[in-house]
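Report on the following structure.
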Amino acid sequence: MGTEGWWLLLCLALSGAAVDTAERQWRAVDVVLDCFLVEEGKHHGGFASDKNMVKALLVLKQVPVLDDGSLEGFTDFQVSTLSKDNPPVTFEASVSPVQIPHAEALLHADCSEKEVTCEISRYFLQARQEAAVETASWFITNLQVSGGGPRVSILMKTLRDAENRAVMPPTLNLPLGPQGTVLTTVEFQVTTHTPSLIFQRGSSASLHCGFSMTPGLDLARVEWRLQHKGSGQLVYSWTTGQGQAKREGATLEPEQLLMAGDASLTLPSLTLKDEGTYICQITTSLYQAQQIIQLHVQASPKVRLGLANEALPPTLICNIVGYYPLDVTVTWTREEPGGAPVPVSDASFSSLRQSAEGTYSISSSLTAEPGSAGATYTCQVTHISLEEPIVTSAWAAPPEQRTVAFGVLFASTLFLLALLYLGLQRWKATSSKACQDSEALWETTLLPPSKKKE
């Protein structure tokens, strides 16, 4: 029976009724994953091609998972179940005492109609220890659950002892155990359950990065870097208990880092400059591994609809301001009283504008045809940052109403001008009389009697 049959039995076992979470118990099971092994010497830091990859099987031995009661009758992996014809290269990995996160997601992936991408390749030590290199080999396994699921990098070590010298096939140069499998132990793992994140501009983001390592290893360094549009920069670094933030406000708690294996990064008050690919790199006294997280920052548009001019026919303009990313959809509809909305396709668009912060703005204009009864024009804006489109409407009055309205406006203007003219004349008359009274008073009080008689 091949691996497909083994997975079928597992799914049948898991199809039973679920038990309440509080009643679940931990159970150690073997997690079996179909993988590809990158042939030695043919993987030079880039992506492996199909031509240099061979089929492999990864068996994570006795991984603790929560049993909801459906694992009753579930059996551990047996090498004898593999096909005798062209069997895959099988890695058996003992996980204790390193924690394997998201084990349930890995175990139930096939039954949940998800796929697990698994790639195994050689790992070469950063700090070479000649005695260790002669007696052991290292492999790194990268796991990814489809649909935005968790991502795990597992570093495995195998000993080359006197009883573990066989190879299969010779070109792979793999040390095999008595049953023809590569026996390894998990030494170190780095994981993230948020490989892709979307946040609104101005909000705070937490980028998850966790790790676990075997006793005897020491944590040496944690580094977060940002790659975006061909340039890279250091965001945060931690070394021997001291953290340094290169991005204002970035935080990483040393206590969580050391005690719980949590190297998550928090970024407050996001801007568009925070968008990009984040690399969480964990370095121990012997190993180094990383996880990649894509952070997308969005800005929602603001929409305003109004008249661009009062001429006949009127022109409507819909301003869409301050959105990111670039793609936006603008649609117009026209609705007469008692009728249904009808799409309008002859709208025009202005040139695209970009602010210093990086957000975009654009305007869409339309010549209204209100008809004899008038019409309601609606501008609808769709953008990836919006849960639902923004809809704004304006009423285009018929020509008769606009003429009457213009006449009323004209008459009102004339009336106001007349009032202003009369008020001005009255003010002049009052001012003239006041001047005459002032002159008479001056003559009475200031001139001598002789002058007054004259």
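Odds and ends about this structure:
- For region 302-400, the C-alpha radius of gyration sits at 1.13 times the compact-globule guess of 2.2 N^0.38 Å, with N the residue count.
- Per the Cα gyration tensor, region 48-104 maps to an equivalent ellipsoid with semi-axes of 26, 17, 11 Å, ordered largest to smallest.
- Accessible surface of region 302-400, 1.4 Å probe, proportion on carbon and sulfur as whole %: 54
- For the residue pairs Lys114/Lys302; Lys61/Lys84; Lys55/Lys157, the alpha carbons lie more than 27 Å apart in Lys114/Lys302.
- Across all directions, the shadow cast by the convex hull of region 240-310 built on its C-alpha atoms averages 7.4 square nanometres.
- Charge tally in the Cβ shell below 14 Å around Met213, where Lys, Arg are +1 and Asp, Glu are -1, Met213 excluded: -1
- Average accessible area per residue (Å²) across region 225-351 - probe 1.4 Å, nucleic acids and ligands excluded: 53
The values are calculated or read from the model by the stated rules, or taken from the named source; none is laboratory data. Keep in mind that what you see is a predicted model, and the values were worked out from it rather than measured. When we count neighbours, we look across all protein chains shown, and the Cβ atoms used for this are built from the backbone with ideal geometry, even at glycine. When the accessible area is computed, the model is the full protein with side chains, heavy atoms only, and any ligands, DNA or RNA have been set aside. Shrake-Rupley method; radii C 1.70, N 1.55, O 1.52, S 1.80 Å.
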